Amino acid sequence: MLERASSALQGSPPARAGERLSERRRLRRRRGLIAFIILVLFLLAAALYGLQQSSVRISNILTYGTDQSLVQYAKDAMQGNYLGIIPRDSIFFFPASSIRAAILANHPDIAAVSIFRNGFTGISIKPNERVPIARWCGLSPETRFDLNASSTRSNLVSGCYVFDASGYIFAAAASTTQTINTFILYAPLRDETLEPLRATIAHAERIPSIFDFARQLDTQGSPVLRVIIRGDEVDDYLASGTRITYVLGHENTAFTALVSAHDNLNLSDGSIEYVDLRFDGKVYLKRKE
């Protein structure tokens, strides 16, 4: 009995020593965690303090081109702070996407906007302006009203507009507006419920081929003045007064047929009322009386 008691007493000190060691380890881990948290808070405070310094805040905004109004969009977007602590005009966190969205929303004549940093206190804004391909002047020369009774756009189309290569109408045309093509396009809009500005012309993906055909007609003796898209057909009106009609999407076959009949056609003197190229390989025409 005495030997067992003695053995139990001899085992107690190591057990208590292990508990003290475990406690010391817990204290060290707790102190390390506290020190780590203090370090993170210190670094965060230092970073926030650094972000407030004028040496890393945007004070100079440059724009490419003559439209200096784009600067104001950037200034407006950079007002205030994120979460009340990080300045929005910080060179590291300025809202480039908001600036870009504001410019595009208010300038339909701009297709894209590039924004890049100039050092630590400046940014540059480079707009990519749309190129006016030609004038769009309504549904047809005779009718500029929306004839769709279900449409909400029932007002008279005032004047003409210019559109880019994708058929997007982005500005009203002025007398001084320069376009790549001199002829006028009459065509429906893809969405007749929209106003012309910011709308897209129907069959926009076909416009390059339609215009290539119109430019090819210039080589036949008389330039094209206007192009009219009617459903799945296209009318090209020449300066001589002749109308050329073909099926939309069949530009190549139509021009081949026209060239093959060139010897029997005079498109420059106004003697022909119309040439019908809607039937593959055939050319029908009507001469003026």
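The values are calculated or read from the model by the stated rules, or taken from the named source; none is laboratory data. This one's a predicted model, so the numbers in the text were calculated from it and none came from an experiment. For neighbour counting, all protein chains shown are included, and Cβ atoms are generated from backbone atoms with ideal geometry for every residue, glycine included. These accessible areas exclude ligands, DNA and RNA; they are computed on the full protein's heavy atoms, side chains included. Shrake-Rupley method; radii C 1.70, N 1.55, O 1.52, S 1.80 Å.
Structure notes:
- Meets criteria (buried (at least 19 other Cβ atoms within 10 Å of the Cβ) and of a type outside the set (Ser, Thr, Tyr)) for Pro223: no
- Of all residues in the stretch 211-220, those satisfying the criterion of being under 15 Å from Ile180 (Cβ atoms) and open to solvent by 20 Å² or more (accessible area, probe 1.4 Å) are Asp212, Arg215, Asp218.
- Of the residues making up the stretch 227-242, those that are surrounded by 17 or more Cβ atoms within 10 Å (Cβ to Cβ) and within 28 Å of the chain's Cα centre (by Cα) number 3.
- So Val234, is it of a type in the set (A, V, I, L, M), under 25 Å from Asp164 (Cβ atoms) and either touching a residue at least 24 places away in the same chain (Cβ under 8 Å) or part of a helix (DSSP H, G or I) (or both): yes
- All positions within the stretch 253-289 that are open to solvent by 70 Å² or more (accessible area, probe 1.4 Å), in contact (Cβ under 8 Å) with a residue 12 or more places away in the chain and farther than 15 Å from Gly221 by Cβ: Thr253, Ser260, Glu273, Arg278, Asp280, Gly281, Lys282, Lys286, Arg287, Lys288
- Within the stretch 89-131, tally of residues that are touching a residue at least 60 places away in the same chain (Cβ under 8 Å), open to solvent by less than 60 Å² (accessible area, probe 1.4 Å) and over 22 Å from Phe163 (Cβ atoms): 5
- For Thr245, the test of being closer than 25 Å to Arg135 by Cα and open to solvent by 70 Å² or more (accessible area, probe 1.4 Å) is failed.
- Pairs where the first residue, in the stretch 38-66, is within 30 Å of Asn128 (Cβ to Cβ) and open to solvent by less than 60 Å² (accessible area, probe 1.4 Å) and the second is among the aliphatic types (A, V, I, L, M) and in a loop (DSSP other than H, G, I, E, B), C-beta under 6 Å, 6+ apart: Val56/Ile91; Ile58/Ile91
- Test: residue in the stretch 54-68 that is in a loop (DSSP other than H, G, I, E, B), polar (S, T, N, Q), modelled with pLDDT under 80 and closer than 30 Å to Ile110 by Cα: yes
- Criterion violated by Asn266 - all others in (1) modelled with pLDDT of 95 or more; (2) more than 37 Å from the chain's Cα centre (by Cα) satisfied: (1)
- Leu147 vs. criteria touching a strand residue (DSSP E or B) at 6+ places or on another chain (Cβ under 7 Å) and either at pLDDT below 95 or over 30 Å from Phe94 (Cα atoms) (or both): no
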